[in-house]
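Quick note: the coordinates plus some simple rules give every number you see, no bench work behind them. Values in this document were obtained by computation on a predicted structure and should not be read as measured data. Methodologically, a virtual Cβ is constructed for each residue, glycine included, from the backbone with ideal geometry; neighbour enumeration extends over all protein chains shown.
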Amino acid sequence: MSVRVFVPRDSASKSVGADEVAQALQLALGDAATIVRNGSRGMLWLEPLVEVETDAGRIAYGPVTVDDVAGLVAAGLTAGGEHELRLGPTAELPWMQRQERLTFARVGVTDPVDADEYERHGGIVGLKKAVAMAPGDIVEEVVASGLRGRGGAGFPAGIKWRTVLEAPGEPKYIACNADEGDSGTFSDRMIMEGDPYLMLEGMAITGLAVGATEGWIYLRSEYPDAKVILETAIERARERGWIGDDVLGSGKRFEIVLRIGAGSYVCGEETAMLESLEGKRGIVRQKPPLPAHEGLWGKPTVVNNVMTLAAVPWILAHGGAAYAAHGVGRSKGTLPVQLAGNIKQGGLVEVPFGITLRELIEDFGGGTASGRPIRTIQVGGPLGAYLPPAAFDTALDYEALTAAGGLLGHGGIVVFDDTVDMARMARYAMEFCAIESCGKCTPCRIGSTRGVEVIDRIVKGEDRGKNVALLQDLCATMKDASLCAMGGLTPLPVQSALEHFPEDFRPETAPTGVSSSS
Amino acid sequence: MSSRASDAVATPEQLAAIDSSIEKLAHERGATLPIFHDIQEQLGFVPPEAIDRIAAALNLSRADVHGVLTYYHDFRQQAPGRHVLKICRAEACQAMGCERLVERLEERHGVAMHGTTEDGSLTVEPVYCLGNCALSPAVLLDNRLLGRLTEKRLDAMVHALGGDDGGAQ
């Protein structure tokens, strides 16, 4: 039997040469090795990360380039031989050991589309339990877990499910929000590419829980690799009877439809996403009615993010109480955090709530990639606040971040070094809102364009006091009067930049020299 | 900015492509986006003639169909170059200097956002996040994700594509 050598097929890994490395290894090793294309372990600065299965466990090497392959093979790669790129046993790397991987347990370990391997590594246990339970009992298990929506809003998933279960109307739907548009986030993508059956299993359990017969995935078009993997996984899951007309022989139907977005950020907002799934422009709906009552095609619909649905199989397999034992306060369980931007060791870490931002960006992240001091981090995507170093001891926790003037969002942290121009970032926040606004409500549609203009005037030094007051007033209007989070939260990055970095908005003190973004 | 094909009348081949997409997908619920994607996959853009045909097949008004086509950033109404480069301009890539790549494309290669190089080899479009935020700056070249792109590699890429006579679309 030949040695198994793992080279990720995760698109981040491929973006820095994993396909070429896999080919070179196959060519160099021939029959002596079977190349397995796994997901990524999340240590993205080490990609392509090559692993070899040995008696002493899996040994990691990275980052490997095509030019390293001959040397690695000569050094006895297949036996875990010594080499300057050898990192040691993967499971013992500090980055891995400090995590609690519940959702990401299999990602990077298995071949993502191998259904047998999924089952061997604990997959489908949750679904098997669910088919033997009454719908209401499944819902209560998730209520007990304390799981909150991982898309950004943080609404308790079980409560939403209960609403849909009790709502009159047939058929009911699950809508999986895979429109991961926030800059600095990629956990959904890594699950879809690294363990797609987990998401499908989560959807099927949710369907059984609320009595839904169809699940619709809204996948963003910017993820072409995830599309290919999901198509394969859906087909194989159907062949296995994990989804389809008779889920695990229960007599219950749960079919999955995959739809692709078309480059609109606001379609990550749940009601705009439903409009887009229905083939319309992605315009935000007025709420109420809630999607739980009138969602997709006007029927009761659970809209959950990929991460939320992917947490569900573990909860069913191990129990809601076991999940709730992780985390702090009202933030239960674990969160896959994404470390991004100007960061030395960027990637994905799954940790229980309660860890501080500083531990994440310094201990895991190792500071900036440029080696310069960190000036700010943006937490929670383009609608999240820019936090100064004084706030880095804030705990990762929905309520703690809100108290610190920020938001957790989808768990992305983007690091900037001291060359960043914060007036420029504030202007970009308004500009992005102007580009992506669906146009339904005036504060967002017009306010964003006016915001760009006012920031330009402030930076030029025109009537500074008056224009700063005008910008604050405009932000207040957008916050209070916008229909959804797009217009409602755009003021957050703008006002936090102005509050913590006012010097960047004054022509006499604005950064003029090196700028990381110009 | 290239305006190639903008006023052109669709060729019989293009009309056949439109009709094949409609035939394949019109029965789907909410079929407009899937049909537009399918047409664009075949042709690289959605010719204006598609609007009437989709409207008739789905029993929608032309205004509705036009509204959907023009709402989404992905759908092009004119033919792109032989290759399409989507360059991420969101925060994580900004933190790693993506704007330098945008400037480089303009200054060195004479192509601005939404534009096409003079030789028709490359269309450049902005995109807001490719989910490769730990390996910024990121770009998508004909659906192939690339990370940690430098100006030097960008130059080499544009040069190589210029010498290539197609195959991507």
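Averaged over the residues of A:416-424, the number of partner chain Cβ atoms lying within 10 Å of the residue Cβ comes to 2. Taking a point 7 Å from the Cα of A:Gln23 along the Cα-to-Cβ direction, none of the residues of the range A:38-64 has its backbone N closer than 14 Å to it.
Shape analysis of the range B:13-169 places it in the prolate category; the axes a ≥ b ≥ c from the Cα gyration tensor give an a/c of at least 1.5, with a/b above b/c.
Charge dipole (Cα centre; +1 on Lys/Arg Cβ, -1 on Asp/Glu Cβ; no other charges) of the range A:115-324 amounts to roughly 420 debye.
Extension gain for B:Glu103 to B:Asn59 (0.36 nm times residue separation, less C-alpha to C-alpha distance): 11.3 nm. Dipole orientation for the range A:115-324: of the candidates A:Gly295, A:Ile229, A:Met199, A:Gly295 has the Cα lying most toward the positive pole (charges on Cβ; Lys, Arg +1; Asp, Glu -1). Per-residue ellipticity at 222 nm computed for chain A from its helices equals -11500 deg cm²/dmol, with DSSP H segments shorter than 4 residues left out and the rest contributing -39,500 (n - 2.57).
Contact order for chain B, expressed relative to its length and based on alpha carbon pairs under 8 Å spaced 6+ residues apart, stands at 22 percent. Scanning chain B for long hydrophobic helices, with DSSP H runs required to stretch 18 angstrom or more by C-alpha along their axis and to average at least 0.5 on the Kyte-Doolittle scale, returns nothing.
About the centre of its Cα atoms, the range A:327-417 shows a dipole size close to 140 debye [charges on the beta carbon of Lys, Arg (+1) and Asp, Glu (-1) only; nearest 20 debye]. Looking at the square roots a ≥ b ≥ c of the eigenvalues of the Cα gyration tensor of the protein assembly as shown, which shape do they give, rounded for a/c under 1.5, prolate if a/b is larger than b/c, or oblate? In terms of gyration-tensor shape, rounded. Taken residue by residue and averaged, Cβ atoms of other chains lying within 10 Å of the Cβ of B:134-145 number 6. When the range A:408-447 is described by a simple charge dipole with +1 on each Lys and Arg Cβ and -1 on each Asp and Glu Cβ, the residue from A:Met425, A:Cys444, A:Val415 located farthest towards its positive end is A:Cys444. Look at the stretch B:94-104: the mean tally of other chain Cβ atoms within 10 Å of its residues' Cβ atoms is 6. Cβ-Cβ distance of B:Ala160 and A:Ile35, R₀ of 22 Å, FRET efficiency by 1/(1 + (r/R0)^6): the value works out to about 0.20.
Residues A:Ser370, A:Ser183 in ascending order of nearby Cβ atoms (within 10 Å, fewest first): A:Ser370, A:Ser183.
Residues within the reach of a label modelled at A:Lys287 (point 7 angstrom out along Cα to beta-carbon, backbone nitrogen below 19 Å), restricted to the range A:476-508, are A:478-492.
Among the listed pairs A:Lys128/A:Lys172; A:Lys172/A:Lys287; A:Lys129/A:Lys299; A:Lys128/A:Lys252, a Cα-Cα separation exceeding 24 Å is found for A:Lys129/A:Lys299. With the helix formula -39500 (n - 2.57) applied to DSSP H stretches of n ≥ 4, chain B reaches a computed 222 nm mean residue ellipticity of -13000 deg cm²/dmol. The value of relative contact order for chain A, using C-alpha pairs under 8 Å at least six residues apart, is 13 percent.
Amide H contacts of A:Gly261: A:Leu219, A:Arg220, A:Ser221, each under 5 Å away and 5 or more positions distant or on a separate chain (H built 1.01 Å from N in the peptide plane; Pro and chain starts excluded). Rounded to the nearest 20 debye, the dipole magnitude of chain A is 1220 debye, with +1 charges on Lys and Arg beta carbons, -1 on Asp and Glu beta carbons, and the Cα centre as origin. Of B:Asp142, A:Asp397, A:Asp182, the sequence from fewest to most neighbouring Cβ atoms within 10 angstrom is B:Asp142, A:Asp397, A:Asp182. Using a 7 Å offset from Cα along Cα-Cβ at A:Arg86, what residues in the range A:19-53 end up with backbone N under 18 Å from the label point? A:49-53, by backbone N distance to the label point. The ranking of A:Trp216, A:Trp95 from fewest to most other beta carbons within 10 Å of each one's beta carbon is A:Trp95, A:Trp216. For the pair A:Glu399 and A:Lys466, label points projected 7 Å from Cα toward Cβ lie 4.5 nm apart. Counting Lys and Arg as +1 and Asp and Glu as -1 over every other residue whose Cβ lies under 12 Å from the Cβ of A:Glu201, the net charge comes to +2. How would the range A:156-295 be classified by its alpha-carbon gyration tensor: rounded, prolate or oblate, with rounded meaning a/c under 1.5 and the a/b versus b/c comparison settling the rest? Taking the square roots of the gyration eigenvalues as a ≥ b ≥ c, the range A:156-295 is oblate.
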